[in-house]
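Some notes on the structure that comes next.
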Amino acid sequence: MQGAQDREEAAAPPERTSPLGLEQYIAGRTLVSGDGPAWNDLFVQVYSRRDKQEAFLVPAVAEPLIVWVMSGEANVEERELGGDWVSNIVSVGDFFLTRSPTPYEMRWRSTGTAPFQVMHLYLSVPLFERVAKEVLGGDGPPVLLDVSGGKDEQLSHLLALIHQELAAEGKGSQLFVQGLAQSLTVHLIRNYVTEDRQDNRQTALPGFKLRRAMAYLEAHLADPFNLAQLAVTVGMSEFHFSRLFKKATGLSPSRYFIRQRVAKAQQLLQETETSIIEIGLSVGYSSPSHFAQVFRRETGLPPSHYRRG
């Protein structure tokens, strides 16, 4: 029994590792890897992943990590240890960004016919801190937002150039790769830095969850407000989600939902000839009088006056 226990403990992943060490925990085949003097500021590898990956623990890595989908599509799920799974359907061009201070769990299932291939790119800590100081000033390095399944054309362009150099004969020009690494770091710091300090990260609603919640509400304006389903959509408890959503937006989820309904109604009143009754129905109000009451409370005008104005 003691021997089996020792083997299990020896096989358990650590809470922290290096970019190179992390790859032993993620199944798949390495297609190409960056090495040599040109790649001092970047650790880059391209992988072909399994069609289905069961849940595994991802140790924390100090370096900022970008995962860029190059081929295929998949349903990728992540969760904090002991938390609820959060799902993202990703396809070519989508990216993940993380500098997680703690381990987390991950799993995925390919949903397309093309092979699921991704590029992992780690920025060196010295480069990240040097560029952050030049761009932002200040003493300590900034905290990056966690992004899951994001889209960013400029980021994709930079990553495509890095991949071209990675696949080039001689593994790329050192001067060009260094320039790309610096440009990529500046882009991340300009666009994906949060003002939250590292010790406050667990009290903030991650950006990808906030965007998912807003997208869900936008897609369900005609439906009754459903806090339970909204919390499930972002993988959180109702209480925890409501508290962090209000902290992020200044409004409770239900209040934000009403604001979104009215904003959509305002757009339809201004841009279409649709009847006021139909507009009310399209944003979830079966009673014209109730719609008019809510609209006037939020805008100061009844719908008919708003349209004439």
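What follows is calculated from the coordinates using simple rules that are stated; it is not laboratory data. Quantities reported herein were computed from a predicted structural model and do not represent experimental measurements. Counting neighbours? That spans all protein chains shown, and the Cβs are built from the backbone with ideal geometry, glycine included.
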Which of K133/K246; K151/K246; K52/K133 have a Cα-Cα distance over 29 Å?
K133/K246; K52/K133
Scan around K52 for amide H atoms under 5 Å from its own, H built in the peptide plane at 1.01 Å from N, and keep only partners 5 or more places away or cross-chain.
S110
Using a 7 Å offset from the Cα along the Cα-to-Cβ direction at both Q293 and E153, what is the distance between the two label points in nm, to one decimal?
4.6 nm
Calculated from backbone phi, Karplus (6.51, -1.76, 1.60) coupling profile of the stretch 273-283 in Hz, x at Gly/Pro
9, 4, 5, 4, 4, 5, 5, x, 4, 5, 10
Work out from phi, with θ = phi - 60° and the Karplus expression 6.51 cos²θ - 1.76 cosθ + 1.60, the ³J(HN,Hα) of each residue of the stretch 114-128, listed in order in whole Hz, and give x for Gly and Pro.
6, x, 8, 10, 9, 10, 9, 10, 10, 8, 5, 4, x, 5, 4
Å³ per residue enclosed by the Cα convex hull of the stretch 207-308:
95 Å³
Just to be sure I understand the model, the point goes 7 Å from the Cα along the line to the Cβ. What's the resulting R190 to A167 distance in nm?
2.7 nm
Would you give the gap between the C-alpha center of the stretch 63-98 and the C-alpha center of the stretch 273-295, rounded to a whole Å?
39 Å
Segment S286-V92, extension gain: residue separation times 0.36 nm, minus the distance between their alpha carbons:
65.7 nm
